[in-house]
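A.B. asks: Quick one: the structure is below, and I'll ask about it shortly.
Derivation of every value follows stated rules applied to the coordinates shown; laboratory data play no part. Computed from a predicted model, the values in this text were never measured in an experiment. Cβ sites come from the backbone with ideal geometry, for glycine too, and all protein chains shown count toward neighbours.
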Amino acid sequence: MGMMFVGTKYCPHCGASGRRLTVGDASSKECPRCDGALSEVTIANEHVEACLDCGGLWMPLELFDRFCSDADLQSAATGMALPARTQREHEVRYIKCPDCSTLMTRKGYSRGLGIVTDICRTHGMWLDSDELRGIIEFIRAGGLTRAREREAEELERKRRALESERKSLEKQTQIHQRAKLGGIGGWSDLLGL
């Protein structure tokens, strides 16, 4: 996952045009990460709130879904120039929703990606600097498809194991019922053959 410095014309990783954000008025909300003021910004005609100090983004969950599925929004998001976060925190820190001040839920975007987003189910999602770009690059590289395939394989493996266990329990139940009704029919029943 890469970043672009302010003033860069093209992304050094993907070649996307380095579009500047259209910065609007200051928001009344504070950044949940660094306590700076959030500003209203426009990315490809979509309005989000950004911290111009740490580079974090605040957006509704529906808008995040559109960023993940719309190629034009993805290009705009990967080409935006936000300040890079200068220092990563090493400790897990729950942050408050900029709208309601309740602690947000931390959720990993996809197993193995290493990006943990902060979500308020009522108001939206906080993405630290470069996390939106990292998620979009992951999706474009087929990571989401591969993750879904791995999940489907794991579910199928678990389903087969449960089916095998169910058959084994049925067989044990049949043997037990035969034994209760008049004895065991022979060594083959006892051994489950």
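A.B. asks: Short version: ³J(HN,Hα) in whole Hz for each residue of segment 151-159, in order, from phi by Karplus 6.51 cos²θ - 1.76 cosθ + 1.60 (θ = phi - 60°), x for Gly and Pro, what are they?
C.D. replies: 5, 5, 4, 5, 5, 5, 4, 5, 4
A.B. asks: Tabulate in residue order the Karplus-calculated ³J(HN,Hα) for segment 41-48, using 6.51 cos²θ - 1.76 cosθ + 1.60 with θ = phi - 60°, rounded to whole Hz; enter x for Gly and Pro.
C.D. replies: Running phi through 6.51 cos²θ - 1.76 cosθ + 1.60 with θ = phi - 60° gives 10, 10, 10, 6, 6, 9, 9, 10 Hz.
A.B. asks: Still on this structure, I have one more. Return the long-range amide H neighbours of S27 (sequence gap of 5 or more, or a different chain), with a cut-off of under 5 Å between placed amide H atoms.
C.D. replies: Those lying under 5 Å, H to H, from S27 are L38, S39, E40.
A.B. asks: Per the Kirkwood definition applied to all pairs of different Cα atoms, how many angstroms is the hydrodynamic radius of segment 104-153?
C.D. replies: Kirkwood radius, segment 104-153: 11.7 Å.
A.B. asks: I'd like the FRET efficiency for A141 and E62, computed as 1/(1 + (r/R0)^6) with the beta carbon distance as r and R0 of 25 Å, rounded to 0.05.
C.D. replies: Approximately 0.55, to the nearest 0.05.
A.B. asks: OK, next. Per-residue HN-Hα couplings for segment 118-128, Karplus 6.51 cos²θ - 1.76 cosθ + 1.60 at θ = phi - 60°, whole Hz, x for Gly and Pro?
C.D. replies: Each residue's phi maps through the Karplus curve to give 10, 10, 10, 4, 7, 10, x, 9, 9, 10, 5 Hz.
A.B. asks: Same structure, new question: Can you list the residues, at least 5 places off or on another chain, whose amide H is less than 5 Å from the amide H of I115, using H built in the peptide plane?
C.D. replies: Those lying under 5 Å, H to H, from I115 are Y109, S110.
A.B. asks: For segment 95-130, which trypsin sites (Lys or Arg not before Pro) are in a loop by DSSP, counting at most 14 other Cβ atoms within 10 Å?
C.D. replies: Answer by residue number: R111, R121.
A.B. asks: Under the rule of at least 5 residues apart or a separate chain, name every residue whose amide H is placed under 5 Å from the amide H of I43.
C.D. replies: Amide H neighbours of I43: V48.
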